[in-house]
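A short worksheet on the structure shown next.
The values are calculated or read from the model by the stated rules, or taken from the named source; none is laboratory data. The structure presented is a predicted model; accordingly, all values stated were derived computationally and were not measured. With ideal geometry, Cβ positions are generated from the backbone for all residues, glycine too; neighbour counts draw on all protein chains shown. Each accessible area value is taken on the protein alone, full model and side chains, heavy atoms only, with ligands, DNA and RNA left out. Shrake-Rupley method; radii C 1.70, N 1.55, O 1.52, S 1.80 Å.
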Amino acid sequence: MSGSKGCCQRCLHYVFDYETAKTLVIPSIGVGFVFRFTQFLVVLYVVGYVCVMSKGYQDTDSVISTLTTKVKGLAFTNVSDMEPRFWDVADFVMPPQSDHSFFVLTNMVITPNQIQSHCPELPNPSTICKDDCDCTVGYADPRRNGIQTGLCENYSTTVRTCDVLSWCPLEIDTKLPERALLAAAENFTVLIKNSVTYPKFNVHKKNIFQHINSSYLKRCEFNRATDPDCPIFRLKNIATEAGEDFQDMAVKGGVLGIVIDWSCDLDLWSGPCNPKYTFRRLDNKNPVNNVAPGFNFRFAKYYKTPDGKETRTLIKAFGIRFDVIVHGTAGRFGIVPTIVNLGAALSFLSLVPIVADWFMLTCTRKSDIYSKHKVTYLSEDAENEPTVLQGTTYGTTD
Amino acid sequence: MSGSKGCCQRCLHYVFDYETAKTLVIPSIGVGFVFRFTQFLVVLYVVGYVCVMSKGYQDTDSVISTLTTKVKGLAFTNVSDMEPRFWDVADFVMPPQSDHSFFVLTNMVITPNQIQSHCPELPNPSTICKDDCDCTVGYADPRRNGIQTGLCENYSTTVRTCDVLSWCPLEIDTKLPERALLAAAENFTVLIKNSVTYPKFNVHKKNIFQHINSSYLKRCEFNRATDPDCPIFRLKNIATEAGEDFQDMAVKGGVLGIVIDWSCDLDLWSGPCNPKYTFRRLDNKNPVNNVAPGFNFRFAKYYKTPDGKETRTLIKAFGIRFDVIVHGTAGRFGIVPTIVNLGAALSFLSLVPIVADWFMLTCTRKSDIYSKHKVTYLSEDAENEPTVLQGTTYGTTD
Amino acid sequence: MSGSKGCCQRCLHYVFDYETAKTLVIPSIGVGFVFRFTQFLVVLYVVGYVCVMSKGYQDTDSVISTLTTKVKGLAFTNVSDMEPRFWDVADFVMPPQSDHSFFVLTNMVITPNQIQSHCPELPNPSTICKDDCDCTVGYADPRRNGIQTGLCENYSTTVRTCDVLSWCPLEIDTKLPERALLAAAENFTVLIKNSVTYPKFNVHKKNIFQHINSSYLKRCEFNRATDPDCPIFRLKNIATEAGEDFQDMAVKGGVLGIVIDWSCDLDLWSGPCNPKYTFRRLDNKNPVNNVAPGFNFRFAKYYKTPDGKETRTLIKAFGIRFDVIVHGTAGRFGIVPTIVNLGAALSFLSLVPIVADWFMLTCTRKSDIYSKHKVTYLSEDAENEPTVLQGTTYGTTD
């Protein structure tokens, strides 16, 4: 019975006895200063860098974005090889709606009245022929315009080329107008309605703010200095801010990025969270390595002749695609990142005594005395009652 | 030789002597309890909050999604100013396919048989004129319909407006039907096939589960209670769950979000990972600040008359764009986040003795005794053999 | 005055006195080895795993991508129920441009010359009727083709079906060609121009490298072994690398993913950052659970007859949608993650003395002696001058 009582007490002792380190207080201003200064540096880093600058205490989330765009503008073309023509949004914006980008036609090569037929290829080292032997029936080079019929025909009075099955007449895309056909596109405007969500924080934001009313929206235009909140952008200004000349880009086409940065600090003590618009050219325009420059694609409008035959107008469309890139990370105070960052910083505080001990035992005048009192040296030889030597240390704590 | 042997031994001592802290055991239930309780709190936090609730031990990855959608439905319109007309998917879904959104036409203003011509502008304070002097040749207001020819023409018997080059007749978009033309769109259904990938974990998932067979897919319809796994959604239900009235939205258009949340816990001990569907209106419908409401765009169908002239049917399309937003973060046990989080938590354990020491030296009855045995005070004045004072402490360890 | 001076001195002592742990040096090779070995393991883990393998010292950012694609190819079809026809890019790529995917038409069911009219439904258990009573005026099954007029008409000489308002003649989509109509699509090529940005690091990259010139781009084709940098892909090879047969897929359509992985190590000491292309089938092709297989959609080309009536050619388009999925995470040395990871690792170093102490006090021969010198046991009973027992310990530090 006394045994079980003793065991219980022993157990209680084991759990609730508190073992604390024996310490030595050293009244040295020098050592104390080194200790406090190192401590101060660590705290400064934690507060200054991790908390204030890098916002290490924040939980983060990525933006989810919804976008609608609406282009407005009118243009009129009057060039020699085409009838005078008026263009509106339905003519030059394609596809008519899209979620994160829109394309504005600025230049084109139009090949009207194409029908399924056969005609001689455009002259080219690989298509010029002398007689039918030079042309292979069924041969189709994807970089040429059709499938060879095996005949060699007169392309002009001087040149003979292989005959191909194709939509005829063939497109001659070397005749690209040197000044963009729809040069007026630089004055088109686009309204961008963007709403974003940070799902983790359940925060919803819109780029049309509360204070914007219909009448302002009818006359405003984005200007970084005077109207930074207006969501209507003039295409020319987008190009200019991206460091490009709109008319230059309009000839061969390109891709411009409208970058909307919704990086937000959602903590209560932070200011409002507004989008920041920047503009950048996204496609390759390196003049040295200018391979496959610009942006163009082909599409066709299909018609039927009164007798039911299909004809089409092929358009090689050059223009500017505007990619609206919405990105951003929102941060808000979170317990877990705070704990992790604080914990990591606390670890560094545990380095401080090591630095101070090292300074105390090596750089001070009285290091011998300090060492003698701090460190007890246990002799290896002694068995029952070892000789305790004070004042000499070989080991280090870390 | 004995010197090199001594040096070697000294070196061995330096590396392998173990320096351990001298400790004092205090058999006080109070102090012991404070120590163990603080320890318990830290461990509770680590296990409870970081590990169980926040899953701090998990490595995370964002979802990559692929999507195909297929709308089904039929509609018939019979309104006064249009011929009776039947509509199927090829008529009201545009573009016919898209990757992360689809648009269903619900209302429209149709302006058929437009040709390149000139006609008087719609009456408006800025377009009404008295004579040709009020109209400027070549002036084009992007908010109006054409480019002024400089003439002032009779718009009606009472009003004269500036003549413009444009597609004529001009669109009169104020005549928007008050009840959506394709009101039947509320009963259209959409099949959403979504497959996702977590590249870091090489995990692939699909929203059409293994147990779904063709016959079920032919008759099922998503219902949060009875058919939560069916990937076929009735448009009206999407609007209703988003808190909107479909017919209201159908008149002026809008953007509805179909949010698919693939947040997954991929650890072995977790349950299956199923998508969660939620629906939300994404565009601005704030009734107070209702600028640029709804969603519409213009597109045209181009025709050729028998004599080769181009005509078009301009359609101002109002409708609902459904943006399918796939998001989610998968988590799976990872060594690095586990180590980082555990390490940060361990740091907090190093705070526990500080709390217990503080309690022991300030709040206990016998603090003087504890202090005397724990802390040795080294006198500053002594040079060779300093006076050691016990029982008084000024410094603190942290 | 002497009191204030004493207070000031006391304060100075409080701030600058340095309290250091008293330590005991144990010259035991065994204990020292355990201590150093544990230390070595922790450092090995930190350096080896966290730093070298997992790059825990890096700050990360997600990629923002811009993409243009251009398909090239020609095809010729000559099947029994259709006129011979030549196809080029404007015919089989739709929409003509899109930002992150492109669709290549490979097979189709064409229903030309549809007009708004009424005609008997296709025979089907739910549409076959005996007389008008079996048909409901206005009934529209979204899985059928039109809105019932309430009449029962002769579909053929043997079958009578309900008459429906619809675009007539109705599409018979069971007559899908068993060999893909545009089987030649396997030899089409696509040029992918991709530029990416890591906004946090302000790094821009392109998949067309500096050393690629126009003449190389005109003849090259992506090949993992010989031309890994060429951004031109043959559609057949994409399907093959994804483990699919192109001709099989072409019949019913599908979705192929072109995954571009831009995962980058942006540290100075790292190599160049090149995209890695992989290909994968993204839609469901599980042969067991093959519900809603393939990928198809319907679109129409609208025409006007000479007398102004609208007709359309309905096309049920089967084909392969290529989704270009650009993903990647860039890492670059960052102070905050380095600090956090190092800090967490340091915490583990603080565990090392606990392990060594435990070994010393339990597993060594002289543990009694070590314990007697390390631990001072304060008796609970003593009030003023407590009996200090050495050599017995119940508590533990951690």
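Residue-normalised convex hull volume from the C-alpha trace of segment A:208-363: 317 Å³ per residue. The slack between residue B:10 and residue B:76, meaning 0.36 nm per residue of separation minus the straight C-alpha distance, is 13.8 nm. Counting from the shortest, the label point at residue A:53, 7 Å from Cα toward Cβ, is 3.2, 3.2 nm from the same position in each remaining copy. With the convex hull drawn around the C-alpha atoms of the protein assembly as shown, the volume per residue stands at 271 Å³. Counting only DSSP beta bridges whose two residues both lie in the protein assembly as shown, roughly 85 percent are antiparallel.
Mean per-residue shielding of peptide B:371-379 is 6, counting Cβ atoms of other chains within 10 Å of each Cβ. Between segment A:49-93 and segment C:97-160, how far is it from one alpha carbon centroid to the other, in angstrom? Value for the Cα centre distance between the two parts: 41 Å. Inter-chain neighbour count for C:302-311: the average number of beta-carbon atoms from partner chains within 10 Å of each residue's beta-carbon is 6.
Of all the options C:372, C:22, C:200, the one that moves most in a Gaussian network model of chain C with Cα springs shorter than 10 angstrom is C:22.
Estimated from helical segments only, the mean residue ellipticity of chain C at 222 nm is -6500 deg cm²/dmol, where each DSSP H run of four or more residues counts as -39500 (n - 2.57). Positive contributions from Lys and Arg (+1) and negative ones from Asp and Glu (-1), summed over other residues with Cβ under 10 Å from the Cβ of residue B:116, come out at +1. Highest mean packing first, where packing is the average number of other Cβ atoms within 10 Å per residue, the peptides B:212-224, B:325-337, C:300-312, C:24-36 line up as C:24-36, B:325-337, C:300-312, B:212-224.
Applied to segment A:97-113, the Karplus parametrisation 6.51 cos²θ - 1.76 cosθ + 1.60 on θ = phi - 60° returns per-residue 3J(HN,Hα) values of 9, 7, 8, 10, 7, 9, 10, 10, 5, 10, 8, 6, 10, 9, 10, x, 6 Hz, with x for Gly and Pro.
Residues in segment B:213-285 average 46 Å² of solvent-accessible surface per residue, probe 1.4 Å, ligands and nucleic acids excluded.
Taken as entire DSSP H runs, the helices of chain C that both span 18 Å or more between Cα atoms along their own long axis and average 1.6 or more on the Kyte-Doolittle scale are C:29-44, C:335-349. On association of chains C and A, roughly 7700 Å² of accessible area becomes buried (total for both chains; probe 1.4 Å). Beta-bridge orientation, chain B: approximately 85 percent antiparallel, per DSSP, counting only bridges with both partners inside. At q = 0.26 Å⁻¹ the log10 of I(q)/I(0) for segment C:15-59 amounts to -0.88, computed by Debye summation with a single uniform scatterer per C-alpha, solvent ignored.
For segment A:97-230, the ratio of Cα radius of gyration to the globular rule of thumb 2.2 N^0.38 Å stands at 1.85. Protection proxy ranking of C:99-106, C:145-152, by the mean of other Cβ atoms within 10 Å over each peptide's residues and highest first, is C:99-106, C:145-152. Segment C:212-279: percent of C-alpha pairs farther apart than 15 Å? Here the long-distance tail beyond 15 Å is 62 percent of all Cα pairs in segment C:212-279.
For chain B, the share of accessible area belonging to carbon and sulfur comes to 57 percent (1.4 Å probe, ligands and nucleic acids excluded). The packing ranking, built from the mean of other Cβ atoms within 10 Å per residue, places the peptides A:57-68, A:264-275 in the order A:57-68, A:264-275, highest first.
Taken over chain C, the convex hull of the Cα atoms encloses 411 Å³ per residue. In segment A:53-168, with Lys and Arg counted as +1 and Asp and Glu as -1 at Cβ, which of these residues, A:118, A:62, A:146, has the Cα nearest the positive end of the dipole, that is, farthest along it? Towards the positive end, the residue furthest out is A:62. Highest mobility in the GNM of chain C, judged by mean-square fluctuation with C-alpha springs under 10 Å and restricted to C:169, C:125, C:228, is found for C:125.
In order along segment A:162-170, the Karplus-derived 3J(HN,Hα) couplings, from 6.51 cos²θ - 1.76 cosθ + 1.60 at θ = phi - 60°, round to 5, 7, 10, 6, 5, 7, 10, x, 6 Hz, and Gly and Pro are given as x. Each Cα pair of segment A:317-361 feeds into the Kirkwood radius, which the Stokes-Einstein equation turns, at 4 °C and 1.567 mPa s, into a diffusion coefficient of 84 µm²/s. Global size of segment C:289-383: 39.1, 118 Å for Rg and Dmax (C-alpha atoms, Rg to one decimal, Dmax whole). Inter-chain neighbour count for A:66-75: the average number of beta-carbon atoms from partner chains within 10 Å of each residue's beta-carbon is 6. Here the relative contact order of chain B, from alpha carbon pairs under 8 Å that lie six or more residues apart, stands at 19 percent.
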